[in-house]
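Before any comments, here is the structure.
The values are calculated or read from the model by the stated rules, or taken from the named source; none is laboratory data. For clarity, every value in this text was computed on a predicted model and none was experimentally measured. As a convention, Cβ positions derive from the backbone with ideal geometry for all residues, glycine included, and neighbour counts pool all protein chains shown.
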Amino acid sequence: MDFGGGDEIRFEHLGRAGVVTLTRPQALNALTHRMIRALDAALCAWETDQGIDVIVVKAEGRAFSAGGDILHVYETGRAGKPPVEFFADEYRLNARINSSRKPYVALIDGIVMGGGVGISFHGSHRVMTENAQFAMPEVGIGFFPDVGGSHLLPDLGGSFGMYLALTGNRIRYGDALWSGLATHTIKAEDQGGFLDRLTLTGDPESVLRGFFMQARRETDRPTLEAISSHFSQPSLKRVIDSLERAAGADEFAAKTLATILTRSPTSLRVAWRQISAGLTLSMEACMKMEFRILNRMLAGHDFYEGIRAAIIDKGSKPQWRPASLGAVSDADVDAYFAPLGERELEL
């Protein structure tokens with residue numbers, strides 16, 4: 001089956017399932033615009049295909065998807081042509097996955113970050129193996145947890161989503177399961193059998209009952225209680241103050257504070273407001289909000305500086321502007337959320 005994805009993404013009708021495979025393992029299955037458009041076209045076609053009962057998304061190689069193609073974003077943005085349409089199509093795809101009327105099963109065996117999260121965690125079934133690692137590390141490159149992060153992260157109990165958004169830290173499959181990010185965990189060695197059974201029956205609930213393997217939470221209770229205490233504060237400043245008070249006697253607080261203080265101050269303030277707002281917004285409203293933020297990020301400094309430090313001049317220290325949280329005003333943050341007029345995202 002060909003939906004215009006070339007050699008970057010494969011589509012198959014196997015039994016009762018429409019199966020999508022990301023095929024850019026050498027690039028950790030980073031999403032290109034062509035992949036996004038092709039997946040969207042496939043979902044449109046399969047939504048009304050009576051021969052398909054379930055949609056499955058998986059990937060080749062050691063990563064499910066490490067995110068979007070940010071090198072392309074850097075190059076086009078620096079050339080004065082930021083890829084706004086890439087993100088618009090990506091956000092529309094995220095919303096389509098969230099509203100899919102058919103079961104949407106993401107089979108995640110490896111790294112899943114950024115854009116990879118957007119095409120997996122808005123589906124009905126998020127199935128992770130012991131090889132899976134989840135992160136939304138955008139604040140570390142001067143960006144924000146987009147692709148529906150404002151819809152996904154606020155629902156996690158104990159302020160765990162705010163913790164993930166403000167630190168960008170990675171978690172494994174046990175934490176993902178117990179936080180509610182993943183719906184199921186299975187053994188990596190069982191993926192083939194799981195997929196065979198799923199394509200035969202088209203019924204993910206019954207198949208998962210036979211393959212589900214309970215995963216233990218990796219983060220211990222004292223740490224979870226600390227996350228809940230620190231990250232439930234009513235403002236970002238209060239979060240930082242809480243961590244600072246505990247840092248002298250608590251290794252977790254000290255390490256977490258040190259991590260946060262390396263992130264873009266602008267990204268941190270925008271992300272805190274974004275995740276807080278998302279708690280009461282629909283997926284569609286979240287995507288419209290994120291598109292407003294996205295447009296301002298593409299016109300700013302820190303996103304390109306973060307990519308430069310992480311990808312172009314690997315390992316160098318980013319020079320954020322402004323350089324401190326105190327230098328980012330409320331008015332600066334408000335500007336990221338302001339309406340776009342005729343440029344608003346249409347879903």
Conditions: (1) under 23 Å from Leu93 (Cα atoms); (2) out of contact with any Cys (no Cβ under 7 Å at 6 or more places or on another chain); (3) not aromatic (Phe, Trp, Tyr). Ile312 meets all but one. Number of the miss? (1)
Does Ser120 satisfy the condition of being more than 30 Å from Lys317 (Cβ to Cβ), among the hydroxyl-bearing types (Ser, Thr, Tyr) and assigned to a loop (DSSP other than H, G, I, E, B)? yes
Kindly indicate the residue of the stretch 146-191 that is among the small types (Gly, Ala, Ser), surrounded by fewer than 21 Cβ atoms within 10 Å (Cβ to Cβ) and at pLDDT 95 or above and also nearest to Lys288 (Cα to Cα) among those meeting that condition. Gly180
Considering only the stretch 317-341, state which residues are in a loop (DSSP other than H, G, I, E, B) and free of Cβ contacts under 8 Å to residues at least 12 places away in the same chain. Lys317, Ser329
Residues being surrounded by fewer than 23 Cβ atoms within 10 Å (Cβ to Cβ), touching a Lys or Arg at 6+ places or on another chain (Cβ under 9 Å) and of a type in the set (Val, Ile, Thr) - total across the stretch 250-283: 1
Filter the stretch 177-195 for residues that are assigned to a helix (DSSP H, G or I) and not aliphatic (A, V, I, L, M); which is farthest from the chain's Cα centre (by Cα)? Gly193
Regarding Gly174, is this residue part of a helix (DSSP H, G or I) and closer than 15 Å to Ala66 by Cβ? no
Answer yes if at least one residue in the stretch 178-188 is closer than 30 Å to Val57 by Cβ and without any contact (Cβ under 8 Å) to a residue 24 or more places away in the chain, and no otherwise. yes
Which condition number does Pro137 fail, the rest of (1) farther than 18 Å from Tyr163 by Cα; (2) surrounded by fewer than 22 Cβ atoms within 10 Å (Cβ to Cβ) being met? (1)
Pairs under 8 Å by beta carbon, first residue assigned to a loop (DSSP other than H, G, I, E, B) in the stretch 10-26, partner among the basic types (Lys, Arg), six or more apart or different chains? Thr23/Arg10
Considering residues of the stretch 51-73 that are among the β-branched types (Val, Ile, Thr) and assigned to a helix (DSSP H, G or I) only, the residue farthest from Leu31 (Cα to Cα): Val73
Out of curiosity, is Asn131 closer than 28 Å to Gly300 by Cα, outside any helix (DSSP H, G or I), polar (S, T, N, Q) and at pLDDT 95 or above? no
In the stretch 120-143, the residues that are under 10 Å from the mean Cα position of the chain (by Cα) and aromatic (Phe, Trp, Tyr): Phe121, Phe134
Quick check on the stretch 28-50. Is at least one of its residues in a strand (DSSP E or B), aliphatic (A, V, I, L, M), in contact with a Ser or Thr (Cβ under 8 Å, 6 or more places away or on another chain) and free of Cβ contacts under 8 Å to residues at least 60 places away in the same chain? no
Within the stretch 74-104, track down each residue that is outside any helix (DSSP H, G or I) and more than 19 Å from Tyr304 (Cα to Cα). Ser99, Ser100, Arg101, Lys102, Pro103, Tyr104
Is it true that some residue in the stretch 171-189 is aliphatic (A, V, I, L, M), closer than 25 Å to Arg92 by Cα and touching an Asp or Glu at 6+ places or on another chain (Cβ under 7 Å)? no
Can you tell me which residue in the stretch 196-238 is farthest from Val328 (Cα to Cα), limited to those that are among the charged types (D, E, K, R) and not in a helix (DSSP H, G or I)? Asp203
Identify, from the list Gly210, Gly180, Gly168, Gly148, the residue that is of a type in the set (Gly, Ala, Ser) and farther than 30 Å from Leu347 by Cβ. Gly210
Does any residue of the stretch 298-315 turn out to be of a type in the set (Ser, Thr, Tyr), closer than 26 Å to His230 by Cα and assigned to a helix (DSSP H, G or I)? no
